[in-house]
Amino acid sequence: MHHFFLNHPLDDAALAAPFELTKKDYQHLFVLRLAAGEHFTLADGCGRVHLCEVVEASKNALTVRCLETHAADTELACQLVLLQGLPKRDKLELIIQKSVELGAAAIVPVKMARSNVKIDEKKADRKAERLHEIAKSAASQSKRGVIPAVRDVQTLRAALDAVQDADIKLICYEDETARGHLEGILPDLSSAKKIALLVGPEGGITPEEWQLARDAGFVSVSLGKRILRTETAGLALLSYLMLHLEHA
């Protein structure tokens with residue numbers, strides 16, 4: 001069943017009667033050429049999902065009615081926040097898309113010492129809009145109840161400060177040789193409300209950045225014997241946590 005997001009939440013009174021979705025605001029819906037009687041779901045972005053039926057379809061508008069409303073069951077009980085060292089080219093778009101599919105609540109691009117990326121301030125707003133649309137599209141595809149936030153690019157110190165309230169803080173560090181750290185956090189997953197994950201850019205995390213994260217309470221973890229690319233490391237860790245959180 002097709003799944004989309006409302007531009008803004010509707011209260012119970014608005015949902016009680018048939019309402020209209022215009023092509024101007026919901027163009028993606030019209031591509032499907034939905035006909036009267038067909039069903040789809042609308043998420044309000046606040047954790048509620050509405051099962052809707054098309055009452056009438058015209059060229060520029062759909063009249064729909066809400067059949068039932070329920071809480072989204074696709075969200076993790078714990079917020080996963082990915083602090084992603086700013087990668088080259090379009091890798092950030094891939095990371096955002098897949099992180100949303102894997103249950104991340106927010107993605108924070110972080111300008112780090114080895115981030116070899118020039119930020120064009122003139123195009124910042126347009127870039128931010130594109131990244132939001134990627135997150136929204138991925139949330140629709142994976143039937144999320146909310147659209148995960150994609151933050152503006154931050155310094156490492158600002159990003160660490162923003163997640164100081166996280167119950168668990170993990171940093172993927174290629175020079176970490178210890179084993180068992182991930183298994184060691186499993187008993188804490190059932191009570192954790194927020195987990196922060198820090199991944200460096202292509203060049204990795206400098207010793208100074210590693211120490212800064214450690215001072216902020218981050219635990220250095222290994223993801224195995226192989227060195228993973230920046231676009232792989234965070235997704236591997238998100239996958240691990242998602243699977244364990246859904247069975248915690």
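If R0 is 41 Å, what FRET efficiency do you get for K143 and R114 from their C-beta distance, rounded to 0.05? Write down the numbers at each step before the final one.
Values: r = 36 Å, r/R0 = 0.88.
Computed FRET efficiency for K143 and R114 comes out at 0.70.
Which value, in debye to the nearest 20, describes the size of the charge dipole of the chain about its Cα centre when Lys and Arg Cβ atoms bear +1, Asp and Glu Cβ atoms bear -1, and nothing else is charged? Please list the in-between numbers first.
Working: 31 positive and 34 negative charges, 178 e Å.
About 860 debye.
Assuming a ≥ b ≥ c are the square roots of the Cα gyration tensor eigenvalues, decide whether segment 92-226 counts as rounded (a/c under 1.5), prolate (otherwise, with a/b larger than b/c) or oblate.
On the way: a/c = 1.84, a/b = 1.25, b/c = 1.48.
Taking the square roots of the gyration eigenvalues as a ≥ b ≥ c, segment 92-226 is oblate.
Determine how large the accessible area of V49 is when every protein chain is in place; take a 1.4 Å probe and give Å² rounded to the nearest 10.
We get 10 Å² for V49.
Report, to the nearest 10°, how far helix 91-101 tilts away from the longest principal axis of the Cα atoms in the chain, using its own Cα long axis and a range of 0 to 90°.
Its long axis makes an angle of about 60 degrees.
With a probe of 1.4 Å, find how much accessible area segment 121-218 has per residue, and write the answer as a whole number in Å².
55 Å²
Would you check the accessible area of H39, probe 1.4 Å, heavy atoms only, in square angstrom rounded to 10?
That residue has around 80 Å² of solvent-accessible surface.
Report the semi-axes of the equivalent ellipsoid for the chain in whole Å, largest first, where each axis is √(5λ) for an eigenvalue λ of the Cα gyration tensor. The partial results should precede the final answer.
Working: eigenvalues 289, 84, 39 Å².
Three semi-axes, in Å: 38, 21, 14.
Please figure out what share of the DSSP beta bridges in the chain is antiparallel and state it in percent, rounded to the nearest 5. Kindly include the intermediate steps, with their values, before the conclusion.
On the way: 18 of 44 bridges.
Once the DSSP bridges in the chain are tallied, antiparallel ones form about 40 percent.
Restricted to Cα positions, what overall size does segment 54-102 have along the principal axes? Three whole-Å values, descending.
Computed over segment 54-102, the largest-to-smallest principal extents equal 47, 31, 11 Å.
Just to verify a number: FRET efficiency for L32 and R229, C-beta to C-beta distance, R0 = 41 Å, to 0.05? Can you show the working numbers first?
Values: r = 36 Å, r/R0 = 0.87.
FRET efficiency, L32 to R229: 0.70.
Can you give me the Kirkwood hydrodynamic radius for segment 115-162, using every pair of distinct Cα atoms, in Å to one decimal?
Details: mean 1/r = 0.0801 Å⁻¹.
Answer for segment 115-162: a Kirkwood hydrodynamic radius of 12.5 Å.
Over the chain, with every protein chain in place, what whole percent of the accessible area is carbon and sulfur at 1.4 Å, could you tell me? Display every interim value, and only then the final one.
Values: 6510 of 13290 Å².
Accessible surface attributable to carbon and sulfur in the chain totals 49 percent.
Just the number please: accessible area per residue for segment 1-105, 1.4 Å probe, all protein chains included, in Å².
On the way: 5350 Å² over 105 residues.
Per residue, segment 1-105 has an accessible area of 51 Å².
Can you spot the lysines whose alpha carbon is less than 25 Å from K127's alpha carbon? Ignore those fewer than 8 places along the same chain.
Partners within reach: K23, K24, K88, K91, K98, K111, K118, K136, K143.
In terms of Cα to Cα distance under 15 Å, which aspartates and glutamates are near enough to K194, apart from those fewer than 8 places away along the same chain?
Cα-Cα hits under 15 Å: E75, D161, D165, D167, E246.
Please list the equivalent ellipsoid semi-axes of segment 1-63, computed as the square roots of five times the alpha-carbon gyration tensor eigenvalues, in descending order and whole angstrom.
Whole-Å semi-axes of the equivalent ellipsoid: 18, 13, 11.
Have a look at H39, L241, A113 and report the one farthest towards the positive end of the charge dipole of the chain, computed about the Cα centre with Cβ charges (Lys/Arg +1, Asp/Glu -1).
It is A113.
Please give the per residue volume of the convex hull enclosing the alpha carbon atoms of segment 19-111, rounded to a whole number of Å³.
Numbers: hull volume 11.9 nm³, N = 93.
Taking only Cα atoms, segment 19-111 has a hull volume of 127 Å³ per residue.
Starting from the Cα of C46, step 7 Å along the direction of its Cβ; do the same at E133; then give the gap between the two resulting points in nm.
2.7 nm
Quick one: length gained pulling R65 to K123 fully straight, 0.36 nm per residue minus the C-alpha distance? Let's see the in-between values first.
On the way: separation 58, 0.36 × 58 = 20.88 nm, distance 3.99 nm.
In short, 16.9 nm is gained.
The values are calculated or read from the model by the stated rules, or taken from the named source; none is laboratory data. Remember, predicted model here, so these are calculated numbers, not experimental data. Virtual Cβ from ideal backbone geometry, glycine too; neighbours counted across all protein chains shown. Side chains are part of the model used for accessible areas, which takes the heavy atoms of the whole protein and leaves out ligands, DNA and RNA. Shrake-Rupley method; radii C 1.70, N 1.55, O 1.52, S 1.80 Å.
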